[in-house]
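The values are calculated or read from the model by the stated rules, or taken from the named source; none is laboratory data. What you are looking at is a predicted structure, and each value in this text was computed from that prediction instead of being measured. Here the Cβ positions follow ideal geometry from the backbone for every residue, glycine too, while neighbour counts run over all protein chains shown. These accessible areas exclude ligands, DNA and RNA; they are computed on the full protein's heavy atoms, side chains included. Shrake-Rupley method; radii C 1.70, N 1.55, O 1.52, S 1.80 Å.
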Amino acid sequence: MRKSYRIKKEAEFQNVFDHGDSVANRNFVIYHMKRDQPHFRVGISVGKKVGHTAVMRNQIKRYIRQSLQELKPNIDAQTDFLVIARKSANQLDMAGTKKNLIHVMRLAGILNEDIEVI
C-alpha cells in the first residue's frame, strides 16, 4: 500500500479510536470512521499478545495488507479504518485472513459490494 493509504501517526490512530465505531469477529477488530477524502486510509496493529516474535507479527501484517490490496476496489473511499488483530489471528493462513477480514468489513459496512469468498 502506498503511504497515502496508510494511517501512521498516533494522533490519527487516536482520532479513529475516539470518534469511530467498532465491530469485531473472533480474529479482528475494526474501528471505522467516515471522512471526506479521495480514498480510504487504513492502520494495522498487531500486538505482542498476538505473536511473540516479530517474524510472526510481520507475517500477519503482510497477510492483512495483501488482503486489503485485493479488496481495494470494493472498499468505501470515504473511510478511515483500523484493523487490530486478536490473539487467534496467528493461527490463520492467507485465505483464512482474507475470509475473516471480509466478514468483519461487511459487518462494519466498509465493503461497497458483496465479495465471493473463496
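Check 26, 57, 65 and return the single one that is over 21 Å from residue 112 (Cα atoms) and not in a loop (DSSP other than H, G, I, E, B).
Just a single option satisfies the conditions, and that option is 57.
Mind listing whichever residues of region 4-15 are within 13 Å of the chain's Cα centre (by Cα), assigned to a helix (DSSP H, G or I) and modelled with pLDDT of 90 or more?
13
Report the residue count in region 73-95 for those that are touching a residue at least 60 places away in the same chain (Cβ under 8 Å) and either over 17 Å from residue 22 (Cβ atoms) or open to solvent by less than 30 Å² (accessible area, probe 1.4 Å) (or both).
Result for region 73-95: 6.
I'm trying to understand the selection: among the residues of region 1-15, which are over 22 Å from residue 66 (Cβ atoms) and surrounded by 12 or more Cβ atoms within 10 Å (Cβ to Cβ)? Lay out the reasoning, then the answer.
Of region 1-15, the ones over 22 Å from residue 66 (Cβ atoms) are 9-12, 14-15.
Scanning region 1-15 gives 12, 15.
Scan region 68-118 for residues that are assigned to a loop (DSSP other than H, G, I, E, B) and over 17 Å from residue 35 (Cα atoms) and report the count.
Residues in region 68-118 being assigned to a loop (DSSP other than H, G, I, E, B) and over 17 Å from residue 35 (Cα atoms): 9 in total.
Quick check on my filter: what residues within region 1-29 are over 21 Å from residue 62 (Cα atoms) and among the hydroxyl-bearing types (Ser, Thr, Tyr)?
Hit for region 1-29 is 22, nothing else.
Does region 41-54 hold any residues that are open to solvent by 30 Å² or more (accessible area, probe 1.4 Å) and outside any loop (DSSP other than H, G, I, E, B), and which are they?
Selection gives 41, 44, 45, 54.
Inside region 16-40, can you point out the residues that are open to solvent by less than 60 Å² (accessible area, probe 1.4 Å) and either of a type in the set (Gly, Ala, Ser) or without any contact (Cβ under 8 Å) to a residue 40 or more places away in the chain (or both)?
The initial filter retains those residues of region 16-40 that are open to solvent by less than 60 Å² (accessible area, probe 1.4 Å), namely 16, 20, 23-25, 27-33, 37, 39-40.
Across region 16-40, the qualifying residues are 20, 24, 39.
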